[in-house]
């Protein structure tokens with residue numbers, strides 16, 4: 001074990017390995033590196049196919065790729081730079097949180113915010129205490145090591161939760177709570193892990209709680225400010241190329257993290273909130289932005305998991321297998337259910353939903369990344385902490401991920417797996433024409449099905465100019481009946497762009513009588529048939 005500890009710590013202050021001969025970076029070395037990285041990416045992309053068919057979270061396959069490349073694998077790549085892994089892991093987590101925030105719908109997550117906040121604060125405290133007690137009394141770790149493990153594994157992983165939940169047809173309330181929790185609880189957990197790793201025993205819990213509250217408040221303020229300013233700018237400044245919008249959105253999200261961290265706030269909370277505001281701001285070329293962010297999110301996950309797989313030494317995990325199983329068992333069947341039922345006691349949620357949330361506290365790369373903090377800080381026994389966390393994540397992700405859809409069906413809370421009724425609307429600004437081009441996709445279950453074009457009652461200055469149906473396009477008449485699967489091209493002048501989109505969404509939710517049924521407001525005098 002001591003040899004393994006030395007290998008992990010075999011880096012100098014600049015993060016470079018101190019043993020072995022370093023190869024100078026040259027064009028030839030770059031060519032080899034690009035070839036290896038591209039092959040790894042292709043294998044990882046193919047692994048997603050295997051993951052979707054088997055039900056296993058893709059993170060396990062990515063970790064397997066890293067292990068196969070590592071010291072006990074087929075290629076015997078020696079990598080022991082915990083500090084570099086931590087830095088890259090933080091960067092990847094920023095991208096993953098940004099992608100998750102961009103895909104979070106405000107109308108679904110807004111009712112879940114109080115419950116998610118309770119899980120991220122009170123729930124984390126309960127989980128840390130129960131898990132740390134198990135690590136100390138059942139496994140025999142010192143209290144400092146036990147507290148670090150309790151804090152590290154109390155964070156649900158955003159990447160794992162986002163990837164698994166979006167494949168499971170759950171009610172929006174349950175999905176909103178779990179997604180918001182995974183986005184929010186990273187912040188207090190990081191603060192706790194850093195405090196336990198750098199300070200040792202905490203002298204005053206009141207001081208620590210105050211620091212957590214202050215950092216969360218600063219991070220929330222920065223995230224909201226950056227997100228609002230960024231969305232306002234992108235909606236009112238027409239960029240010369242559509243490909244610039246995705247770059248600008250991701251740059252704004254990352255700047256929220258950096259700004260929050262630099263003013264001693266929670267950068268992770270800042271990036272998630274800023275991204276959520278951007279994702280709900282009806283920005284131009286939104287589908288292209290979502291596709292770009294989704295691709296970056298996959299790239300971040302692949303790179304992060306492969307690197308973590310490279311860092312671990314598999315033969316060193318055997319001694320810590322059973323301690324990891326014991327700690328994980330207490331975390332899964334005692335700590336997590338206790339934190340869910342206690343934290344959500346003030347909320348009137350059915351016990352079935354609480355039971356599912358207890359089982360859906362998925363761990364992933366985030367706990368493993370956080371486990372590198374005590375390694376970099378030089379905490380005694382940090383390698384054992386890392387190994388226990390690594391084994392715990394692997395074992396219980398294998399158990400929880402594939403069984404989550406089954407449990408949802410057994411508890412009879414699985415939602416209708418049909419298509420969403422929410423309209424997909426993409427907006428492209430026409431700067432010189434002072435107008436906007438709205439591309440509207442009518443999905444399954446949308447109440448716009450069966451509505452005539454004239455019955456849309458779009459505001460004056462907006463008109464449906466084209467309908468694409470079954471691969472064929474035509475100019476609609478006012479009596480043209482819209483169907484599921486249709487794509488509409490709507491031209492709107494700049495002053496009525498928002499009103500036109502609001503009206504289209506209202507009809508999609510309430511049908512042709514949306515104005516009289518209370519959806520989208522009453523029809524106004526300026527509405528007319530088109």
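The values are calculated or read from the model by the stated rules, or taken from the named source; none is laboratory data. Keep in mind it's a predicted model, so treat the numbers as computed, not measured. All Cβ positions, even for glycine, are placed from backbone atoms using ideal geometry, and neighbour counts span all protein chains on display.
Out of the residues in the range 236-255 meeting the condition of being in a helix (DSSP H, G or I) and touching a residue at least 40 places away in the same chain (Cβ under 8 Å), tell me which one is farthest from the chain's Cα centre (by Cα). Walk me through how you get there before you give the answer.
As a first pass, look at the range 236-255 and keep what is in a helix (DSSP H, G or I): 236, 244-255.
From the residues that got through so far, the ones that are touching a residue at least 40 places away in the same chain (Cβ under 8 Å) too are 245-247, 249-250, 253-254.
Values: 245: 20, 246: 17, 247: 18, 249: 16, 250: 14, 253: 13, 254: 14 Å.
My answer is 245.
Results for (1) outside the structural domain of residue 355 (by TED's automatic domain parsing); (2) modelled with pLDDT under 80; (3) in a helix (DSSP H, G or I); (4) over 15 Å from the mean Cα position of the chain (by Cα), shown as yes or no for each residue.
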site	(1), (2), (3), (4)
146	no, no, yes, yes
163	no, yes, yes, no
169	no, yes, no, yes
194	no, no, yes, yes
214	no, no, yes, yes
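Residue 46 fails exactly one of the following numbered conditions: (1) closer than 20 Å to residue 293 by Cα; (2) touching a helix residue (DSSP H, G or I) at 6+ places or on another chain (Cβ under 7 Å); (3) at pLDDT below 85; (4) not in a loop (DSSP other than H, G, I, E, B). What is the number of that condition? Condition not satisfied by residue 46: (2).
Looking only at the range 360-386, filter to residues that are in a helix (DSSP H, G or I) and closer than 21 Å to residue 336 by Cα; which one of those is farthest from the chain's Cα centre (by Cα)?
Our first condition is that a residue be in a helix (DSSP H, G or I); within the range 360-386, this holds for 365-370, 372-377, 382-386.
Now drop any that are not closer than 21 Å to residue 336 by Cα, which leaves 365-370, 385-386.
On the way: 365: 12, 366: 11, 367: 14, 368: 16, 369: 15, 370: 16, 385: 25, 386: 23 Å.
Looking at the filtered set, the residue picked out is 385.
Each row is one residue, and each column tells you yes or no for (1) crowded, with 20+ Cβ neighbours inside 10 Å; (2) modelled with pLDDT under 90; (3) touching a helix residue (DSSP H, G or I) at 6+ places or on another chain (Cβ under 7 Å).
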{"site": "385", "(1), (2), (3)": "yes, no, yes"}
{"site": "388", "(1), (2), (3)": "yes, no, yes"}
{"site": "441", "(1), (2), (3)": "no, yes, no"}
{"site": "468", "(1), (2), (3)": "no, no, no"}
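It is to be established whether one or more residues within the range 287-302 are in contact with a strand residue (DSSP E or B) (Cβ under 9 Å, 6 or more places away or on another chain) and closer than 30 Å to residue 436 by Cα. Looking for residues that are in contact with a strand residue (DSSP E or B) (Cβ under 9 Å, 6 or more places away or on another chain) and closer than 30 Å to residue 436 by Cα, one finds at least one in the range 287-302, hence yes. Residues considered: 236, 285. Of these, the only one that is at pLDDT below 85 and on the phi > 0 side of the Ramachandran plot is 285. Within this structure, residue 254 passes the test of being touching a helix residue (DSSP H, G or I) at 6+ places or on another chain (Cβ under 9 Å) and either more than 18 Å from residue 282 (Cα to Cα) or not assigned by TED's automatic domain parsing to the domain that holds residue 120 (or both). Just one of the listed residues (151, 180, 159) is surrounded by 23 or more Cβ atoms within 10 Å (Cβ to Cβ), modelled with pLDDT of 85 or more, out of contact with any strand residue (DSSP E or B) (no Cβ under 6 Å at 6 or more places or on another chain) and part of a helix (DSSP H, G or I), and it is 151. You will find that of 117, 135, 112, the residue that is in a helix (DSSP H, G or I) and crowded, with 23+ Cβ neighbours inside 10 Å is 135 and no other.
Output the residues belonging to the range 69-78 that are in contact with a helix residue (DSSP H, G or I) (Cβ under 7 Å, 6 or more places away or on another chain) and buried (at least 18 other Cβ atoms within 10 Å of the Cβ). Working first, answer last.
First pass over the range 69-78, keeping only residues in contact with a helix residue (DSSP H, G or I) (Cβ under 7 Å, 6 or more places away or on another chain): 69-70, 72-75, 77.
69, 70, listed by residue number.
Select from the range 480-530 the residues that are at pLDDT below 85 and assigned to a strand (DSSP E or B) and write down the one among them that is surrounded by the fewest Cβ atoms within 10 Å (Cβ to Cβ). Checking each candidate, the answer is 528.
On the basis of being modelled with pLDDT of 95 or more, assigned by TED's automatic domain parsing to the domain that holds residue 66 and within 30 Å of residue 439 (Cα to Cα), does residue 274 make the cut? Before you say what the answer is, go through the steps one by one.
Working: modelled with pLDDT of 95 or more: yes; assigned by TED's automatic domain parsing to the domain that holds residue 66: yes; within 30 Å of residue 439 (Cα to Cα): yes.
Considered against the rule, which asks whether it is modelled with pLDDT of 95 or more, assigned by TED's automatic domain parsing to the domain that holds residue 66 and within 30 Å of residue 439 (Cα to Cα), residue 274 comes out as yes.
Of all residues in the range 183-200, one or more are under 16 Å from residue 103 (Cα atoms) and surrounded by 21 or more Cβ atoms within 10 Å (Cβ to Cβ). A residue that is more than 17 Å from residue 287 (Cα to Cα) and touching a helix residue (DSSP H, G or I) at 6+ places or on another chain (Cβ under 7 Å) occurs somewhere in the range 228-243.
In the list 223, 233, 210, which residue meets the criterion of being assigned to a helix (DSSP H, G or I), assigned by TED's automatic domain parsing to the domain that holds residue 261 and closer than 15 Å to residue 270 by Cβ? Result of the check over 223, 233, 210: 223.
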